[in-house]
1. Going through 62, 34, 20 one at a time, which residue ends up being farther than 19 Å from residue 92 by Cα and surrounded by 19 or more Cβ atoms within 10 Å (Cβ to Cβ)?
2. I'd like the residue in the range 41-99 that is touching a His at 6+ places or on another chain (Cβ under 9 Å) and either modelled with pLDDT of 85 or more or among the acidic types (Asp, Glu) (or both) and, out of all such residues, is farthest from residue 18 (Cα to Cα).
3. Could you figure out which of (1) within 19 Å of residue 83 (Cβ to Cβ); (2) surrounded by fewer than 20 Cβ atoms within 10 Å (Cβ to Cβ); (3) touching a helix residue (DSSP H, G or I) at 6+ places or on another chain (Cβ under 9 Å) isn't true of residue 50?
4. Can you name the residue in the range 67-82 that is within 13 Å of residue 45 (Cα to Cα) and in contact with a Leu (Cβ under 9 Å, 6 or more places away or on another chain) and is also surrounded by the fewest Cβ atoms within 10 Å (Cβ to Cβ) among such residues?
5. Checking the structure you have, find out if any residue of the range 14-21 is at pLDDT below 90, basic (Lys, Arg) and out of contact with any helix residue (DSSP H, G or I) (no Cβ under 8 Å at 6 or more places or on another chain).
6. Which residues, taken from the range 1-17, are hydrophobic (A, V, I, L, M, F, W, C) and surrounded by fewer than 19 Cβ atoms within 10 Å (Cβ to Cβ)?
7. Tell me which strands (runs of 3 or more DSSP E) are completely within the range 19-71 and hold 1 or more residues being touching a residue at least 24 places away in the same chain (Cβ under 8 Å), or say none if there are none.
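The values are calculated or read from the model by the stated rules, or taken from the named source; none is laboratory data. As the structure is a computational prediction, the values presented were derived from the model and not from experiment. Virtual Cβ from ideal backbone geometry, glycine too; neighbours counted across all protein chains shown.
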Amino acid sequence: MKALLLENIIVAAKSNFVQAGVEIESLPGSLPEAELIEKVRDISVLGIRSKTGIARNVLDSANALLAVGAFCIGIDQIDRAECNRRGIARRSQRFLAWARLHLGHVIKR
């Protein structure tokens, strides 16, 4: 299982994924849409913050995506209808510990 964490997701989230055996790629900022489309092709979990938008065309290339975790307030930047149609979990919590917890539950399924 692979995870892509963007926009400086905190170290504690990274270590939780590593402990769960998830291969992590972590980048300090958001990506232009074309780059994001390439990066999400084979990842299972995507962690974002408020600058990254997840539109239908990004989801079209995400062949293995199970969950998108927004480590910020709200999930308006994630295409809700398309995630629901594809069975991709979307989670956002105001407190980062809760976001990590939700993504951890997805990994354990």
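1. Details: 34 fails: surrounded by 19 or more Cβ atoms within 10 Å (Cβ to Cβ); 20 fails: surrounded by 19 or more Cβ atoms within 10 Å (Cβ to Cβ).
Answer to the check: 62.
2. Checking each candidate, the answer is 89.
3. (3)
4. Initial filter on the range 67-82 (within 13 Å of residue 45 (Cα to Cα)): 67-71.
Then drop every residue that is not in contact with a Leu (Cβ under 9 Å, 6 or more places away or on another chain), which leaves 67-69, 71.
On the way: 67: 20, 68: 27, 69: 28, 71: 24.
Among those residues, the one meeting the criterion is 67.
5. Our first condition is that a residue be at pLDDT below 90; within the range 14-21, this holds for 14-21.
Narrowing further to those that are basic (Lys, Arg): 14.
Narrowing further to those that are out of contact with any helix residue (DSSP H, G or I) (no Cβ under 8 Å at 6 or more places or on another chain): 14.
Taking every residue of the range 14-21 in turn, at least one turns out to be at pLDDT below 90, basic (Lys, Arg) and out of contact with any helix residue (DSSP H, G or I) (no Cβ under 8 Å at 6 or more places or on another chain).
6. So the first thing to find is which residues in the range 1-17 are hydrophobic (A, V, I, L, M, F, W, C), and the list is 1, 3-6, 9-13, 17.
Correct list: 1, 10, 11, 12.
7. On the way: elements: 23-26, 45-48, 67-70.
Because the criterion is at least 1 residues that are touching a residue at least 24 places away in the same chain (Cβ under 8 Å), the strands (runs of 3 or more DSSP E) in the range 19-71 that meet it are 45-48, 67-70.
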